[in-house]
Amino acid sequence: MNIRHKATQLKLVDFHSAPMRAFHMTWLAFFLCFFGWFGLAPLMPIIRAELHLTRQQVGNTVIASVAITILVRLLVGWLCDRIGPRRCYTWLLILGSLPVMGVGLAHDYTSFLMFRLGIGAIGASFVITQYHTSVMFAPNVVGTANATAAGWGNLGGGVTQIAMPLVFTAFMRFGLGSWWSWRLAMMAAGGALLVTGIAYYFLTKDTPDGDFEELRASGAMEHSSRASGAFAEACRDPRVWALALLYGASFGIELTIDNIAALYFTDNFHLSLTTAGVVAGSFGTMNLFARALGGIVSDRCNRRWGLRGRVWLLGCTICAEGLAMTLFSQMHWLPLAIGAMMLTGLFVKMSNGANYAVVPFVNQRALGAVAGIVGAGGNLGAVLAGFLFKTPSLTYAQGLLILGVVITGCSAVAFAVRFSEHDEMAARREIESRLGVRLTPVSAPARGD
């Protein structure tokens, strides 16, 4: 897919050009999806008491919230290649708003579990966000654009930890009681998703050159029937699965911490619901800059060492994340625990940004398939991590320690992500053609597939 008018700069105050309008709509939509996706997490101490949930049942709901996203991310990656990110995001937002609002109908463990499973579908919004920014921005800035849009969207996971307890408290002050208050808070989040889905359709287009339908009609883009072949092609590439595993070790951990942090600080440090929400939210608010930092540094590494520089950065941040997680698991004094969690969050989110700074270069013809498989890997990591926190024989601290050791070991998988000299030169020539400059040569990279 040769898109001619990709943006070569990220102009944050530009709300008129197609790339920047898509940028702002994608991060806003993803922010609200995260808000709906994890809106229940900081309210779990209240919901746990109301529905009389056991620790195992709470663990099952945590797993359910991220499990369905694995399948939906694979689906929307395929759909993005076929119908384009504009229509795909529109339908996901509109349909995803229904279980977010509908969770208010939950009256027991089973119904709550089913609604939380349905809510998990909106987590697939991440794949569309990364796809849309990848087709809007040129290689010299795509890492920064992808990481910033995703980071600001992921910020919703931190804001919801702080905001939902406050919204819950506000409804309580109106005399509605806890039964109504958490339900109305989720209905408000679902309503915002519905409105955003309608706005997304009218305010964006698939690429800077036009919508997929227009490009296919003019012959500027291959027919949608070839998307299935592209998906199979992505599945055969071992680099895709390596990146999926690494994303499971970063974004999967972010989802896990978002789900358990409020309970962890409530149970281990005896904090109130609001205070635990603020502490847990501090982990998510690091997305304001940390994920973007991963993309920015990756773009700089690319200028100095080429695509292999992006991969080296990813391996280093994953390793640092695992070491920081190990440290966090051993902190028993609240200030040190918060500090170690923030350090872990820094490397978690930098790893996320560094990963999706590599994704656009693996297979541009199957960009949606690659983005979907790697994104699904993140949720699979969260599902596997979730089993640690539903096991009665393990404390949350022990579960975090195990994760830290596993993540550190996973960093070695970065060595499996290799680019050929042809890949390096192709990326280099695209940057030169779009910027109209001659780049300083880099040393020849290791050969790969």
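The values are calculated or read from the model by the stated rules, or taken from the named source; none is laboratory data. A quick note: this is a predicted structure, and the numbers were derived from the prediction, not measured. All Cβ positions, even for glycine, are placed from backbone atoms using ideal geometry, and neighbour counts span all protein chains on display. SASA here: full protein model, heavy atoms, side chains in, ligands and nucleic acids out. Shrake-Rupley method; radii C 1.70, N 1.55, O 1.52, S 1.80 Å.
For the set Cys33, Cys319, the ranking by accessible area, highest first and with no ligand, DNA or RNA atoms included, is Cys319, Cys33 under a 1.4 Å probe. Within region 31-67, name every residue whose backbone N is under 17 Å away from a label modeled 7 Å from Cα of Leu384 along the Cβ vector. Flagged as within label range: 63-64, 66-67. Computed with a 1.4 Å probe on the full set of protein chains, the accessible area for His5 sits at about 110 Å². Amide H contacts for Phe137 (H built 1.01 Å from N in the peptide plane; partners 5 or more residues away or on another chain; cut-off under 5 Å): Ala7.
Enumerate by residue number the chymotrypsin sites (Phe, Trp or Tyr not before Pro) in region 1-97 meeting two conditions: DSSP loop (anything except H, G, I, E, B), and at most 16 other Cβ atoms within 10 Å of the site's Cβ.
Values: sites: Phe15, Phe23, Trp27, Phe30, Phe31, Phe34, Phe35, Trp37, Phe38, Trp78, Tyr89, Trp91; in loops: Phe15, Phe38.
Hits after loop and neighbour filter: Phe15.
Extending 7 Å from Cα along the Cβ direction at Lys11 and again at His107 yields two label points whose distance is 5.7 nm. Of the labelled figures (i) 15; (ii) 10; (iii) 18, only one reflects percent of Cα pairs over 43 Å apart as derived from the coordinates, namely (ii).
Which helices, counted as full DSSP H runs in the chain, have an axial Cα extent of no less than 27 Å and a Kyte-Doolittle average of 0.0 or above?
18-37, 55-83, 142-173, 177-203, 307-329, 334-355, 367-388
State, as an integer percentage, the relative contact order of region 1-103 based on alpha-carbon contacts under 8 Å between residues 6 or more apart. Can you show the working numbers first?
Numbers: 20 pairs, mean separation 20.5, N = 103.
Dividing the mean separation by the residue count of region 1-103 yields 20 percent.
Rolling a 1.4 Å probe over the protein heavy atoms leaves Tyr264 with an accessible area of roughly 10 Å². Other residues within the sphere of radius under 10 Å centred on the Cβ of Val58, judged by their own Cβ, net out at +3 (K and R +1, D and E -1).
For Phe212, what is the net charge nearby, where nearby means another residue's Cβ is under 12 Å from its Cβ and Lys, Arg count +1, Asp, Glu -1? Before the final figure, lay out each step's value.
Working: positive: Arg82, Arg86, Arg87, Lys205, Arg216; negative: Asp81, Asp206, Asp209, Asp211, Glu213, Glu214, Glu222.
Neighbourhood net charge equals -2.
How much area per residue is accessible in region 299-341 when the probe is 1.4 Å and only protein heavy atoms are counted (Å²)? Spelled out: the 1.4 Å probe surface of region 299-341, per residue, equals 45 Å².
What FRET efficiency comes out for the pair Ala199/Glu50, r = Cβ-Cβ distance, R0 = 22 Å, nearest 0.05? According to the calculation, E is roughly 0.05.
Across Thr148, Thr54, Thr129, mean-square fluctuation computed from a Gaussian network of the chain (C-alpha pairs under 10 Å connected) peaks at Thr54. Note on region 161-302: the alpha carbon radius of gyration divided by the globular reference 2.2 N^0.38 Å gives 1.51. Here His107 sits with roughly 130 square angstrom of accessible surface, probe radius 1.4 Å. Along the chain, the longest continuous region that contains none of the trypsin sites (Lys or Arg not before Pro) in a DSSP loop with at most 16 other C-beta atoms within 10 Å is 12-235.
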